[in-house]
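Rule-based calculations on the coordinates, nothing more; no lab input. Since the structure is predicted, the reported quantities are computational estimates derived from the model, not experimental observations. No Cβ is skipped: glycine too gets one built from the backbone with ideal geometry, and neighbour counts run over all protein chains shown.
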Amino acid sequence: MKDDLSMKPFQIRYLLIVVFMIASLPVVASAQIEFDRPKTEQPLENPYTIGVTREQILETAKDALKKCNIPIDEELSKANEGKLITKPVIFSRGVTTRSDLEYLATMPASDVRNWTQGRYYLEITALPLDQKRSQLFVSAHIQGRIPDAVSGNKWIDGQSNGRLEDEVIRGLASKLLGIDLGFKKGGNPKRILNCEY
């Protein structure tokens, strides 16, 4: 009889521990699950239809490129046809070049190349739809530089993944429309890589 009484407090204590552990499982599980995960925004359409004239788009693009020290190639650009082409701009050097290039483009055989620099040039085209609307089209050309035993250095073209184009379209459209189209609301949506304009 004495053994039965001594087992009861042990069983009750054991039962309380088990109940406490089961009750704490949802707390631990919810700490690992993020219920309010931010949704990833889809890139804007390229070409992006905007309610402004072609001339307004070109002037805004020229102003933004000038503020960001991105030179326009006057020989290749055809402003009267609505096309601006920039000169190549080096955006990365050194040990981070590989990851910077892979962030913006798919580079050929990037796992075996020793990238020393990354550069891009932009083609910005404004196509008129009617008197009040135009389409803004942006194309980015990403290149990586590798050391070459024969020619010294060689630029290799990569296939852009659309990040840089989307960033330029969001910035220009935000500036033209006066609204925030950036990913981070409240931030400065008008930027090209590390240049805010």
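Cross-link pairs exceeding 21 Å between alpha carbons, from the set Lys87/Lys132; Lys83/Lys175; Lys78/Lys154; Lys66/Lys154; Lys132/Lys175: Lys87/Lys132; Lys78/Lys154; Lys66/Lys154.
Only the Cβ atoms of Lys and Arg (+1) and of Asp and Glu (-1) were treated as charged; on that basis the dipole of segment 48-196 about its Cα centre amounts to roughly 340 debye. Within segment 57-122, all pairs of alpha-carbon atoms sorted by distance into 10 Å bins from zero give the percentages 19, 39, 27, 14, 1. Each pair of Cα atoms in segment 48-196 enters the Kirkwood radius, and Stokes-Einstein at 37 °C and 0.692 mPa s then converts it into a translational diffusion coefficient of 202 µm²/s. Scoring 119-127, 70-78 by mean Cβ neighbours within 10 Å over their residues and listing the highest first yields 119-127, 70-78. Converting phi to 3J(HN,Hα) with the Karplus coefficients 6.51, -1.76 and 1.60 and the offset θ = phi - 60°, segment 48-58 yields 9, 7, 9, x, 9, 7, 4, 5, 5, 4, 5 Hz in sequence order, with x at every glycine or proline.
Peptides 146-157, 44-55 ranked from most to least packed by the mean count of surrounding Cβ atoms within 10 Å: 44-55, 146-157.
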